[in-house]
Ligand SMILES: [Zn+2]
């Protein structure tokens, strides 16, 4: 990685323990005009045809904050490597007892079907995919890391958790400035917590997410996950041998197109449900499904109450949701920002009311992921990102 390689700012990298690290968070922003004038002599090693694109800002329209490579693999997985494997000289890895605790805590969690339902053991960390790191960050980390990190590491990590959470949904747009400050502080304090060698280009790039999210939308709307998924489909379904891969893929695609398959998916109209035995699956809207299985059955209403989905009932052509509510919920954290501002709550199972009530589908804000805190009865609820929409 070159010392002048940041695409967004003029910060100069330095070599620490044979790695290039970027410690400067206040360097001047690069500009489209200066790039086209070839003013960045040390940065521009050649020319690019991208400058020929019309209405294209060569700095601002190029994304560095791809959540798959930069965030989920680039920072989250790296942090797990630091804590679990011990890849940085300055930071001792978890001891055997701590490793057993995290195993036990992760094993107890089951997440909804939209995400990674189970996280693999951290012994298989090198095989963890981006989606696993993402589920770990958003639905497990603040709970399972408690007490395993030092107070300073945990506080520092929570800056990252909150910052990335804020930029993961346009629902949090009003918090973007706060998210920017948190990620900047995370990057600035990184060297203090893990040593200079940890401040990799991926960590540095977090300071540039604010501008990208403001210009292009939330991290979800321009991540490379969809492209990777498509590449996986091409690789697994269309290519049989390693000989002339491109030709094979093109031929299979042409064959498929000639078949003229009917479109599988109908556009979503109204909420509907299916029942099989005691299991009820309710589809609220595109990409938002609930099931009464003690995993996929938690949701947040628009007036910010936490509910458990029990059943559904037809009423005057529409559907009414039968559910139970927590009589009280709690703020889970309050450093930097209140967890409630991010729609994160903790609750005690004993506070789940026994009386059933009814809600309209339109009363629902988002699906919640339940994370079990300890042996006790406390659970923490995190909004399922893809259901948190405007
Ligand atoms: Zn930069």
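Given the criteria within 16 Å of the ligand (Cβ to nearest atom), assigned to a loop (DSSP other than H, G, I, E, B) and surrounded by 14 or more Cβ atoms within 10 Å (Cβ to Cβ), does residue 71 qualify?
Numbers: within 16 Å of the ligand (Cβ to nearest atom): yes; assigned to a loop (DSSP other than H, G, I, E, B): no; surrounded by 14 or more Cβ atoms within 10 Å (Cβ to Cβ): yes.
In short, no.
Would you mind finding the one in 100, 114 that is assigned to a helix (DSSP H, G or I) and closer than 23 Å to residue 379 by Cα?
It is 100.
Going residue by residue through the stretch 2-17, is there one that turns out to be touching a helix residue (DSSP H, G or I) at 6+ places or on another chain (Cβ under 8 Å), touching a residue at least 40 places away in the same chain (Cβ under 8 Å), more than 16 Å from the ligand (Cβ to nearest atom) and not in a loop (DSSP other than H, G, I, E, B)?
So far as the stretch 2-17 goes, yes, one or more of its residues are touching a helix residue (DSSP H, G or I) at 6+ places or on another chain (Cβ under 8 Å), touching a residue at least 40 places away in the same chain (Cβ under 8 Å), more than 16 Å from the ligand (Cβ to nearest atom) and not in a loop (DSSP other than H, G, I, E, B).
Kindly indicate the residue of the stretch 315-335 that is under 28 Å from the mean Cα position of the chain (by Cα) and exposed (fewer than 15 other Cβ atoms within 10 Å of the Cβ) and also nearest to residue 358 (Cα to Cα) among those meeting that condition.
Among those that are under 28 Å from the mean Cα position of the chain (by Cα) and exposed (fewer than 15 other Cβ atoms within 10 Å of the Cβ), it is 328.
Do the conditions hold for residue 294, that is, is it closer than 30 Å to residue 144 by Cβ, modelled with pLDDT under 95 and loosely packed, with under 12 Cβ neighbours inside 10 Å?
Numbers: closer than 30 Å to residue 144 by Cβ: yes; modelled with pLDDT under 95: yes; loosely packed, with under 12 Cβ neighbours inside 10 Å: yes.
It is true that residue 294 is closer than 30 Å to residue 144 by Cβ, modelled with pLDDT under 95 and loosely packed, with under 12 Cβ neighbours inside 10 Å.
How many residues does the stretch 29-54 contain that are under 30 Å from residue 163 (Cα atoms) and under 31 Å from the mean Cα position of the chain (by Cα)?
The number of residues fulfilling the criteria is 5.
Check residue 162 against each of (1) within 14 Å of the chain's Cα centre (by Cα); (2) surrounded by fewer than 21 Cβ atoms within 10 Å (Cβ to Cβ) and name the one condition it does not meet.
(2)
Count, please, the residues in the stretch 175-220 that happen to be more than 15 Å from the ligand (Cβ to nearest atom), part of a helix (DSSP H, G or I) and under 13 Å from residue 23 (Cβ atoms).
7
Using the structure shown, decide if residue 108 is in contact (Cβ under 8 Å) with a residue 24 or more places away in the chain, more than 15 Å from the ligand (Cβ to nearest atom), touching a strand residue (DSSP E or B) at 6+ places or on another chain (Cβ under 6 Å) and within 30 Å of residue 387 (Cβ to Cβ).
Values: in contact (Cβ under 8 Å) with a residue 24 or more places away in the chain: yes; more than 15 Å from the ligand (Cβ to nearest atom): yes; touching a strand residue (DSSP E or B) at 6+ places or on another chain (Cβ under 6 Å): yes; within 30 Å of residue 387 (Cβ to Cβ): yes.
So residue 108 fits the description; yes.
Of the residues 21, 51, 63, which is away from the ligand (no atom under 15 Å from the Cβ) and either closer than 30 Å to residue 192 by Cα or at pLDDT below 95 (or both)?
Matching residue, one of 21, 51, 63: 51.
The values are calculated or read from the model by the stated rules, or taken from the named source; none is laboratory data. Bear in mind that the values here come from a model prediction, so they are computed numbers and not experimental data. Positions of Cβ are backbone-derived with ideal geometry, glycine not excepted, and every protein chain shown enters the neighbour counts.
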